[in-house]
Structures are given as C-alpha cells and as structure tokens.
Amino acid sequence: MKKILITGGAGFIGSHVIRLFVNKYPDIQIFNLDKLTYAGNLLNLSDIESKPNYTFIKGDIVDAPFIDALFAKHQFDGVIHLAAESHVDRSISGPMEFIFTNIIGTANLLNAFKATWKDFTGKLFYHVSTDEVYGSLGDEGLFTETTPYDPKSPYSASKASSDHIVRAYCHTYGLPVVISNCSNNYGPNQFPEKLLPLMINNIRHNKALPIYGKGENVRDWLYVIDHARAIDLVFWKGKMGETYNIGGNNEWTNIDLVHKLCEIMDRKLGREPATSAKLITYVTDRAGHDLRYAIDASKIKNELGWEPSLKFDEGFDITVDWYLSNKEWLDNVTSGDYQKYYDEQYL
Ligand code: NAD
Ligand code: TYD
C-alpha cells in the first residue's frame, strides 16, 4: 500500500492510530481526514505533524461530492475509518448528527472507495466500531463476534447501522472490508465528556463528580494504545470480511472505578485521603443506560496473537499523569461552551 486514509485522526483513538502508522510506516503516505468537531484537536498530533509521510485534510465525511473528489484525487489503497460522533449522552440529546456522520458518512466513504478501484486486490476498507452494537449484558456472559446486534442508544444504533452497511458492501459488491468492535478505551487525548477525563478534570477543579444512577453499570476498559496496536494488526493480518472483538478483560463498575481514581488523584495532588471522593454526586440516570459491556477477545488473541500489553494499574497511572501534566490541553479543550454545556446537561 502506498496511501492510507485515516478518518477521525484528530480525535482520541484516531490520534493514537495516526501516530502509530506515521512512525511505523515511513514509506506509506498517511492522510488524516477530520472535520475538527468539538472532539477533534490538532494538538493531539503536534509531535508528528511535520513528518514527510503525514498530511492533514480538513473535511466532512457527510459531504459526498467532497469525499468523491478526494478519493478520485488521491486513490487511497486503504481506509481506516474512525470518524464518528462518539458520545452516548450527546446522541440522546441530539441524535441526528449521529445519523448523518456515522451512517451517511460511512456510506459516502464506501461509495467513494468502491468507485476508485475496478480491482480490489491489495486494497482494504477497515471500519472501526464499538461493542455497544451488541446491546447490554446482564450479570453474566461476554460479547462474542456472533452475539446478535441489539443496539440500545442512538449512538450504538448508528454504529450498528454503519457496521451492517459495511458488511452489505462486502457481500454485494465484493468490497474488501474488516470490522473491529472494541470496548471502552481510556488514555491520553480523550475529550473530557467521557467518564475518566471528565472526572479527572472535575477533581482538579473541586467540582461535583456526577455518577449516573447507582454507579453499578459495568464497562470493560482498554488502554487506547493497545487498541491502536490491535487496529494495526487487524489492518495487515485480519481476514477479509471478518469481524474482530477487542477488549481489555477488565471490568469495573463506574462507582468502583471513580473511587479508584479519587484515591490516586488525592495521592498525586497531595490532598488528604478521601478528599476527592467527597465530590461524588449521584445524579439522574442516563436514559436507557446499558447495564454491562464485556468482551470475549479470544478470536483476536488466538488468530492474530493480540493481547493488551499494559496492566490496568500501569495504564491508569500513565493516564492520570498525562492529564495532570497536560493541563493546557485540558484547559484548551474545555474552554468555550464546554462548561456551560456540562452544567446544563448533568448538574
Ligand atoms: P472522538 O469523538 O474522540 O473522535 C472522533 C473524531 O471524528 C474527531 O476528531 C472528530 O472531529 C471527527 N469527526 C466527527 N464527525 C466528523 C465528520 N462528519 N467528518 C469528519 N470527521 C469527523 O472519538 P473516539 O473515541 O476517538 O472514537 C473513534 C472511533 O472509535 C469511533 O468510530 C467510535 O465509534 C469508535 N470506538 C470508540 C471507543 C471509545 O471508547 N472511545 C470504543 C470503541 C470504538
Ligand atoms: P462514557 O465514558 O460516556 O462511555 P459509554 O457510555 O460509551 O460506555 O461512560 C462510561 C460509563 O460511565 C457509563 O456507564 C456512563 C457513566 N458515566 C457517569 O456515571 N457519569 C458521567 O459523567 C459520565 C460521562 C459517564
């Protein structure tokens, strides 16, 4: 491959994927297509922006004529598609943006990729998706690649829809595709609307820590760079038309995770033990809140040899240190309307 298009590269996971690919594959031209919504930030890529094999393109995947022209111009051999509206709470208050970007945007990319090549040999469209398409688990069991889709939020329904469209293009037109469905990521560069960076930012400012419902919902947490490593592996070694589940085998209830965070933050900020936990505030539950997500990642382990490389305590420590030593980044992304939006939404 000579040219790979990565969409959503200015966002949380995309920025780690871009960094990995730009550094690891100096002979491949890596293009980053991103609209720079509230969640996209070029600060996430400042260390690689001047590399000769990296090009940033500002643009909207919903704009079909723009996408068609871009593909006609550059003839991308591979696409790794991460651009999306990604936050469940925003999908509840405003679902249409999710329908446009996640469904129409994905279809636009597929159409443009399909129109680029007569012969798909050596080409690939990689769609990055979420475990939330499988719905919600009870106390037992894990999501496997054959778990029936049962999305519950506008976000997960829009991702499920795009997964189906990607598979339909493979089945109908012979498009070479792979899909991965990953559990909750944590790590540097995550926009502080998601649980961990939101809590870190609020602890810093001595603000309330909003726990939805009873805090008993469970998520399976994976360090973002381990997800990027998995994407690299699936991109080169994954079987055409297949799906791979990616997860951390690392389940936490929200309340236990936030207590763990509070203890670490007290230590790192030199505060008395139990100071931050006093900020915990139970708030009205998220509408339709999925109880539990947990991934069976044995397929990617057995077939491609992938496993998380970091223990959770290590990844968690690195993450907290990153946010504490990148206060400018936090202040930058939480300037503007951020505080108003969150105060109105949740508190
Ligand atoms: P993010 O919200 O941090 O970043 C999304 C990026 O997409 C941003 O840079 C944004 O500017 C860009 N974007 C949004 N709309 C666009 C549009 N119309 N055109 C072009 N660019 C646009 O998201 P993330 O957490 O990094 O997630 C990336 C992908 O991984 C998403 O597809 C998401 O569904 C999937 N995923 C996320 C997680 C997670 O825990 N965050 C887990 C599994 C899968
Ligand atoms: P989030 O980071 O939004 O990811 P997702 O909903 O995609 O799993 O939320 C993770 C969990 O934390 C989820 O169960 C909702 C809960 N949560 C809170 O309790 N308070 C908050 O302020 C946020 C943002 C999330």
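Taking only the C-alpha atoms of the range 93-236, Rg followed by Dmax gives 17.6, 58 Å.
Accessible area per residue was computed with a 1.4 Å probe on protein heavy atoms; ASP232 scores about 10 Å². For the range 109-268, the relative contact order is 26 percent, taking Cα pairs closer than 8 Å that sit 6 or more residues apart in sequence and dividing their mean separation by the residue count. Solvent-accessible area of THR116, all protein chains in place: 30 Å² (probe radius 1.4 Å, heavy atoms, ligands and nucleic acids excluded).
Per-atom-type breakdown for the chain gives carbon and sulfur 52% of the accessible area (1.4 Å probe, protein chains only). Rolling a 1.4 Å probe over the protein heavy atoms gives the chain an accessible area of 42 Å² per residue. P(r) for the range 239-304, from all Cα pairs and a bin width of 5 Å, is 3, 13, 16, 13, 13, 13, 11, 8, 6, 2, 1 %, short bins first. A DSSP coil position with no more than 15 other Cβ atoms inside 10 Å describes the following GluC sites (Glu not before Pro) in the range 99-170: GLU140. The angle between the Cα long axis of helix 64-74 and the longest principal axis of the Cα atoms of the chain comes to about 60 degrees, rounded to the nearest 10. Classify the range 231-347 from the C-alpha gyration tensor, please: rounded if a/c falls under 1.5, else prolate or oblate depending on whether a/b exceeds b/c. Prolate. With a ≥ b ≥ c taken as the square roots of the eigenvalues of the C-alpha gyration tensor of the range 1-131, please select rounded if a/c is under 1.5 and otherwise prolate if a/b is larger than b/c or oblate if it is not? Oblate, since a/c reaches 1.5 and b/c is not below a/b.
Rolling a 1.4 Å probe over the protein chains gives TRP236 an accessible area of about 100 Å². When a/c is below 1.5 the answer is rounded, else prolate if a/b is larger than b/c, else oblate, so apply that to the chain with a ≥ b ≥ c taken from the square roots of the Cα gyration tensor eigenvalues. Prolate, because a/c is 1.5 or more and a/b exceeds b/c.
The values are calculated or read from the model by the stated rules, or taken from the named source; none is laboratory data. The structure displayed is predicted, hence computed values, not measured ones. FYI the Cβ positions are ideal-geometry reconstructions off the backbone, even for glycines, and counts take in every protein chain you see. The accessibility values were calculated without ligands, DNA or RNA, using every heavy atom of the protein model including side chains. Shrake-Rupley method; radii C 1.70, N 1.55, O 1.52, S 1.80 Å.
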